[in-house]
Amino acid sequence: MKIPNPITKWRHGNEVETTSRWVGEHEGYDTTPLPRLTWVSASMGILVSMGGFIFGYDTGQISGFLEMKDFLRRFGQRHNDGTYYFSNVRSGLIVALLSIGTLIGALVAAPIADWVGRKYSIIVWCAVFSVGMIVQMTATDEWYQVMLGRLVAGFGVGALSLLVPMYQAETAPRHIRGALISTYQLMITFGIFLAAVFNYAAERHQSGKAASWQVTMGLSFVFAVILGGGILFFAETPRFDYRRGKVDQAKQTMTKVYGVSDNHYSVHMELEEIRVKLAAESHKGNAIQEWIGMWKAPKMAYRLILGMGLQMFQQLTGANYFFYYGTTIFVGTGIRNSFVTQMILNGINFGTTFYGLYIVEHYGRRKSLIAGSVWMFICFMIFASVGHFSLNRDDPEQTPKSSIALICFACFFIFGFATTWGPMIWTICGELYPSRYRAKAMALSTASNWLWNFLLAFFTPFIAGAIDFRYGYVFAGCNILAGLGVYFFVIEGQGRTLEEIDTMYLMGVKPWESSKWVVPDLEQMSGKVRQRLGQTNPELAVQNEEIGHDIRTEDEERGGITESAQRSRIFSEAAGGRTLEATFLGDEGEGSGLPS
C-alpha cells in the first residue's frame, strides 16, 4: 500500500488558499491553489529572522558577563577587602547603552532603507553591529569602551529590528506573512537561550580567563556574517523594486516566493495593489507634512498612542528583569550555579514561544493578553512576597525552600510572557495601522519599546538595590494596568483582514464587543466612514473596483446594474476609483505598469 506524503498533503491540502478571494474563475489567468509553503519563502523567513537572533543573543550574553570573574576583574570596581563588584551606575550603563543605540538605529534605519533598499541596508547594519562587537572585544580594562561598543552595536540591532519585519512583510506571501514575521520573536528567544548556554560553557571551561567572555561575544560575528552574507542570495523586496521602476524584477521575485507561474492571478492582484498604493503616495506632501498628517488622520492619534502604550507595557511586564539581571538575581538566592538557572529560564522562554504562536490564532489576541496579564501578576506577587518576607537575603542557604520557590515562579512567569505578551504585541502593532502610515507608525511604536527597554535596564539596579524583591510589586501593578488597557482599548483582530480592523477603529467599535462584530454592508456605513477608508487604505479601491468591474460587465451585457455593483461604485469613488476604473477598463498592459 502506498503511503501518501504528509508534507505534500499539508502544503496543498489546506483550504485557506482555495477559498481566498484571489483564486477562482478569472479568464486568462492561472488560478491554481497557492502552495502553503515554498523553499524560497521558508529559507527567506529563517535567514532574515537571524536579525532577531542577533538581538536576542546580544541581550542574553550581557547577563552572564556581569558575573564572570575575568569580566569583573577587568571592568568592575574593588571593595576595600579586594573583592570586585559592579556599581549600579556602571552595570546600568553597560547593560542599558545597547537600548539607546537600538532606539537611534530604529529611527535612522527607515530613511536609509528607502534610499539604498532593504536588502543592502541589512548588510550595512550587520557591518555596524560587527564594528560595535570589535570595540567591545578589544577592551582590556576600560569599562567605558565596553559601554560605547554596546552603543554602536545597538545601532545595528535597532536597525535590524525594523528592517527584518519590513523585509518579511514586503516579500512574504500574504497567507503565511503573520507566521514568518512571528519567527522574528521566536529567533530572539532562541538567541537569548543560546547565549545562556554559551555563557555557562565558557565560564565552566575558561573561568578566570579573558576567553570566558570573549568567546561568547566573538560568536556574534558568525551570526552577523550569516545574515549579511546570506541576504546576498535573496532578491530585493518586490515593493522596493517596483518603486524603483523594476516591475519585471518585482514580479519575478513574487513568483519565486509564491511558487507559482508569472501569470498567476494572485501575483497579478498583488502587483495591482502595489501600483495603486504607489499612485496614492505620489500625491503626498513632504516628509514633515506626512508626519503631521499622520497624527491628524482619522483615529490615528488614538492608535499611535495605543501602539506605543502596548510596546511600553510589554517592557513593564518585567520580563527583562530576569533576562538582563537573572544571573545576578539568583546569586542572591543562594543558587550555587546561577548560570544554570539562567539557562533554564531562557530555555523555557524559547520553547514556550512555539505554543504562543499557536495561541494567538486559536484563542485570539484580547483573551490571551488579558489572561497573560493576570498570570504574570500572580507570579510577580508571589515572587516578590517570597523574596522579601521569606528569603533570608543575608544567608539565602538558610531558606532553601524560598530559593526554590523563587526559581519556580520565575519559570511560571516566563511561560506566561513567552506565550502571550512576548509575540502578540508585535502581531497587534502590525495589524493596528492603515497601509499609508504603517511604516512610520510602527517605527514610533518600536522606538517606544526601546526607550522603555533602556529605562528599565538602567534603573533596575538602583531600584532593586533600594527595595530588593519588592520591585516585583511594581511589575505586578503594571501587569494589571496592561490587562485593563487591552480590555478597554484593543480590538480583537483574530480572523479579520487588515481592512476590517481599520474599519472597526474608524467606526468606533467597542473593543469588548469586537469579537462578535459583523462587517456591515457598504450602504450601512456613512459616507464619512467610506471616505476615511479610502484615504487611509488605497489598496481597498483596487479590490472593490475589481469586484465592481466583474459585476458591471455581466450586468451591462444584460442591460442593467445590480445593487451590489452600485455599492462597489460608491466605495470606489470614496477611495479614488476614477483612476482605477481607467486601469481595469482600459488596456491591460497599461494597467500593469507604473502610473504616469
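A few remarks follow.
- The number of residues in segment 359-388 being of a type in the set (Phe, Trp, Tyr), within 17 Å of residue 482 (Cβ to Cβ) and not in a helix (DSSP H, G or I) comes to 0.
- In segment 462-490, residue nearest to residue 91 (Cα to Cα) [restricted to those that are touching a Lys or Arg at 6+ places or on another chain (Cβ under 8 Å) and modelled with pLDDT of 85 or more]: 486
- Residues that are of a type in the set (Val, Ile, Thr), within 28 Å of residue 370 (Cα to Cα) and at pLDDT below 85 within segment 396-424 comprise 404, 407, listed in sequence order.
- Test: residue in segment 211-228 that is modelled with pLDDT under 85, part of a helix (DSSP H, G or I) and either outside the structural domain of residue 71 (by the TED database) or in contact with a helix residue (DSSP H, G or I) (Cβ under 9 Å, 6 or more places away or on another chain) (or both): yes
- Listed conditions (1) under 23 Å from residue 153 (Cα atoms); (2) at pLDDT below 80; (3) in contact with a Gly (Cβ under 8 Å, 6 or more places away or on another chain) are all met by residue 31, apart from (1).
- Among (1) farther than 30 Å from residue 58 by Cα; (2) out of contact with any Leu (no Cβ under 7 Å at 6 or more places or on another chain); (3) modelled with pLDDT under 85 - the single one residue 243 does not satisfy: (2)
- The single residue among 241, 262 that is part of a helix (DSSP H, G or I), free of Cβ contacts under 8 Å to residues at least 24 places away in the same chain and either open to solvent by less than 20 Å² (accessible area, probe 1.4 Å) or outside the structural domain of residue 356 (by the TED database) (or both) turns out to be 241.
- Residue list for segment 77-88, filter: modelled with pLDDT of 80 or more and within 30 Å of residue 160 (Cβ to Cβ): 86
- Verdict on residue 110 being open to solvent by 20 Å² or more (accessible area, probe 1.4 Å), of a type outside the set (Phe, Trp, Tyr) and within 24 Å of residue 183 (Cβ to Cβ): yes
- Residue 416 passes every criterion in (1) free of Cβ contacts under 8 Å to residues at least 60 places away in the same chain; (2) open to solvent by 30 Å² or more (accessible area, probe 1.4 Å) apart from (2).
- Cross-chain or 6+ apart pairs with Cβ under 8 Å, segment 78-95 first and closer than 20 Å to residue 456 by Cα, then among the β-branched types (Val, Ile, Thr) and assigned to a loop (DSSP other than H, G, I, E, B): none
The values are calculated or read from the model by the stated rules, or taken from the named source; none is laboratory data. On a predicted model such as this, the values are computed, not experimentally measured, just so you know. Heads up, the Cβs are rebuilt from the backbone with ideal geometry, glycines too, and the neighbour counts pull from every protein chain shown. Ligands, DNA and RNA are stripped out before the accessible areas are found, and what is left, the full protein with its side chains, is counted by its heavy atoms. Shrake-Rupley method; radii C 1.70, N 1.55, O 1.52, S 1.80 Å.
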